[in-house]
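Okay, structure first, notes after.
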Amino acid sequence: MAGDFDAVIDRVRNATDIVELIGRYVTLKKAGKDYKALCPFHKEKTPSFYVVPDKQIFHCFGCGASGNVFAFLMKYENITFMEALKRLAADAGIELPTTPSARKQISDNERLYRANELALKFFQMELKRSAQARQYLQTRGIQPATIERYKLGWAPDAWDGLVKYIEKFNYPIQDFFRAGLLQKGERTNHYYDRFRGRLMFPILNPSEKVVAFGGRILKEDPNAPKYMNSPESTIYQKKQILYGLPQARQAIREQEYVIIVEGYMDVLQLAQAGIQHVVATSGTALTEEHARLLRRYTKKCVLCYDSDPAGVKAAMRGGQLLFNEGLETDVVLLPAGEDPDSLVRTKGADAFLEFLEHKQPYFDFLLLTLEEQYNLEIASQRSAAIDVALEALANIKDPFMSGFYVERLGNRWHVDIPLLLNALKRKKRQLQQQRQRETTTESTSEESAASPTASASPSGSSPVMLAGAWRAERDLLVLLLTHYDMFAPVVSDKLFPEEFQNPEFANIYQYLLQLEAPLPEDIHQHILERLEDEHARNVFTEGLLQEFHQPEQHLVDCLMRIKIAHQNSQLKRLREELRTLTPGSEPFQSVMLQIQQTTRVLKELKSRFYRSHPGTPQK
């Protein structure tokens, strides 16, 4: 049965073109026989994300993200393998098996999606029954078509409305609790509804699955928040979700910009007035993840906030995030006491569009705000304001663009432009040094975790080729894939799986040696799916993109490096064991003998390696 399921995975993978799939999410440009794009998984200005049709893989040379069609969808949509498989199978018209073993693979995330979908049906049903909720929506001017499009609902003002619905149909109540739809009493241990007496706004992810709910209370209650959102879960992280994005996606592409507002009602009111390229955050301020999400659809954003201090602060912070992500950002502040919802209801869509005409570029808005916050006639405050303005420009890599803004700053505040340029260079240098320190710290942590022998040297300065051997192990596997007939018989007699430092690579090596030539054309896809560790998968995918001009020599080097790393690891283990033994005892003498033998083997291996690599620093 497992073989049948593997065969279905192969069918789905083979039926999915990676270029077409990734092209749905990012703009791909032809680069020789491959395609490139700005990476959707990290911030960058120059494309380092490549899609390779021949191998049906992707790889980012910036952040290392790699894999096949399943890995891309899993990472991009934050879903499990089974969810990605089901999605791609549906796209390809392939029916997945419904055997007991297959059903067991239904993920926890899918159970949460299911709970939210069932709750949505309940809330929509209750809205049709609630005259109070329908009257409220009518008062707010929300039309039936908008209610339907945004799937609005109503949570009845009862402690057990949803609970009874769940029990009536014998749904697994624990799933609803994990999805944040229910709470549990500390004393009684009984479940009760989280949302009570609230208008319900389902929150959808980019795949249009319900991941959470927002609820607005209708009756005045000083002890209850006006708005309440579902708690975060494995399928709902506020920093990654924008309300209304699935409904607005097409309009954003057509209009070539997005309007960002603060409230759910703002989105509904604007959308039904024909201004459909609008989204809102979901119970949080704008984040870098939001900016990167929006960058998939447009390069231009308009922040539309209230003009009160909170609105100005939100525009300052959010505008800077969007600005840093390379998005062209404008700001429009509505009159005091107005928001898009009230403005459209009282004065119509044309009035809102007229305000949009008065939007100003984020940097101009920043300067205007600083002029109101600082007294530029006082040297210390002027210096502080300039420092804040330059901080906003420090992330811009394009020298012409940063020069443009510096000139605008200098002319507006009557500051010497060369002086500002020098100050900005210092800012950029400080920022670069800070990032380098952070990157160094992260890289050191990753290598220590990934390479068991990385800490074998007291100084920590062992060359990569003698520490960890991840690259050598990876390259050896790639060489086996591409020259299996020639290398497999040789390698199988010289190298054993237990000599690998990376256990996943060891398993792959053992798996390859059990195969018979010729290998399947898609063997690298099977290997990618066997690598559960994302870092190992990224390292392996990068290796698939290499070309070895002298494969025989490189194979010998890989063997040598793997063996050196293995002996280093053995030596470290023996020395640690020696410290636990009584000096002079028989076990002590035995381990000492093993240390001497291992040291001799290691010395001989290093000697052979350095003879074949003259000029390599010896450690």
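The values are calculated or read from the model by the stated rules, or taken from the named source; none is laboratory data. Given the structure is predicted, the values throughout are model-derived calculations rather than measurements. Backbone-built Cβ (ideal geometry, glycine too); neighbour counts: all protein chains shown. All accessible areas refer to the heavy atoms of the entire protein, side chains included, with ligands and DNA or RNA removed. Shrake-Rupley method; radii C 1.70, N 1.55, O 1.52, S 1.80 Å.
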Problem set entry | Residues (open to solvent by less than 10 Å² (accessible area, probe 1.4 Å) and of a type in the set (Gly, Ala, Ser)) located in segment 153-164 | Gly153, Ala155
Seminar exercise, completed: Exactly one of Glu167, Glu220, Glu232 is charged (D, E, K, R) and either within 27 Å of Ile79 (Cα to Cα) or at pLDDT 95 or above (or both), and that residue is Glu232
Exercise. What are the residues in segment 251-287 that are touching a Phe, Trp or Tyr at 6+ places or on another chain (Cβ under 9 Å), open to solvent by 50 Å² or more (accessible area, probe 1.4 Å) and under 19 Å from Val26 (Cα atoms), if any?
Worked result: Arg253
Exercise. Can we say Val556 is open to solvent by less than 10 Å² (accessible area, probe 1.4 Å) and out of contact with any Gly (no Cβ under 9 Å at 6 or more places or on another chain)?
Worked result: no
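Hey, among Ile173, Ile203, Ile241, which residue is of a type in the set (Val, Ile, Thr), within 15 Å of Trp159 (Cβ to Cβ) and surrounded by 14 or more Cβ atoms within 10 Å (Cβ to Cβ)?
Values: Ile203 fails: within 15 Å of Trp159 (Cβ to Cβ); Ile241 fails: within 15 Å of Trp159 (Cβ to Cβ).
Exactly one of Ile173, Ile203, Ile241 is of a type in the set (Val, Ile, Thr), within 15 Å of Trp159 (Cβ to Cβ) and surrounded by 14 or more Cβ atoms within 10 Å (Cβ to Cβ), namely Ile173.
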Exercise. From the list Glu377, Glu372, which one is outside any helix (DSSP H, G or I), loosely packed, with under 14 Cβ neighbours inside 10 Å, free of Cβ contacts under 8 Å to residues at least 12 places away in the same chain and of a type outside the set (S, T, N, Q)?
Worked result: Glu377
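If a residue must be out of contact with any Gly (no Cβ under 9 Å at 6 or more places or on another chain) and either in a helix (DSSP H, G or I) or in contact (Cβ under 8 Å) with a residue 60 or more places away in the chain (or both), how many such residues does segment 348-362 contain?
Quick first cut of segment 348-362, residues out of contact with any Gly (no Cβ under 9 Å at 6 or more places or on another chain) only: 348, 350-361.
Filter once more, keeping what is either in a helix (DSSP H, G or I) or in contact (Cβ under 8 Å) with a residue 60 or more places away in the chain (or both): 348, 350-356.
Total meeting the criteria: 8.
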Exercise. Which of the strands (runs of 3 or more DSSP E) contained wholly in segment 96-210 include at least 2 residues that are under 23 Å from Gln276 (Cβ atoms) and touching a residue at least 24 places away in the same chain (Cβ under 8 Å)?
Worked result: 198-204
For this session: Considering only residues that are among the basic types (Lys, Arg) and over 16 Å from Asp522 (Cα atoms), look in segment 33-58 and name the one that is most open to solvent (accessible area, probe 1.4 Å).
Result: Lys33
Seminar exercise, completed: Picking from Ala251, Ala291, the residue that is of a type in the set (A, V, I, L, M) and more than 18 Å from the chain's Cα centre (by Cα) would be Ala251
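Out of all the residues in segment 211-226, which are of a type in the set (A, V, I, L, M), in contact (Cβ under 8 Å) with a residue 40 or more places away in the chain and in a strand (DSSP E or B)? Show your work before the answer.
Restricting attention to segment 211-226, the residues satisfying the condition of being of a type in the set (A, V, I, L, M) are 211-212, 217-218, 224.
Remaining after also requiring in contact (Cβ under 8 Å) with a residue 40 or more places away in the chain: 211-212, 218.
Selection gives Val211, Ala212.
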Problem set entry | Unmet requirement for Arg537, which otherwise passes all of (1) among the basic types (Lys, Arg); (2) surrounded by fewer than 18 Cβ atoms within 10 Å (Cβ to Cβ); (3) in contact with a Gly (Cβ under 8 Å, 6 or more places away or on another chain) | (2)
Exercise. (1) more than 35 Å from the chain's Cα centre (by Cα); (2) surrounded by 15 or more Cβ atoms within 10 Å (Cβ to Cβ); (3) outside any helix (DSSP H, G or I): which one isn't true of Thr580, the others all being true?
Worked result: (2)
For this session: Determine the pairs where a residue that is hydroxyl-bearing (Ser, Thr, Tyr), located within segment 398-412, has a partner that is open to solvent by less than 90 Å² (accessible area, probe 1.4 Å) with Cβ atoms under 6 Å apart, the partner being 6 or more residues away or on another chain.
Result: Ser402/Leu393; Ser402/Ile396; Tyr405/Phe363; Tyr405/Leu393
For this session: Please find, within segment 343-369, the residue that is farthest from Arg140 (Cα to Cα) out of those that are surrounded by fewer than 16 Cβ atoms within 10 Å (Cβ to Cβ) and among the polar types (S, T, N, Q).
Result: Gln360
Problem set entry | Condition check for Arg178: basic (Lys, Arg), in contact with a helix residue (DSSP H, G or I) (Cβ under 8 Å, 6 or more places away or on another chain), open to solvent by 90 Å² or more (accessible area, probe 1.4 Å) and under 17 Å from Phe213 (Cβ atoms) | yes
For this session: May I ask you to list the residues in segment 118-152 that are open to solvent by 70 Å² or more (accessible area, probe 1.4 Å) and over 30 Å from Ala349 (Cβ atoms)?
Result: Lys121, Arg129
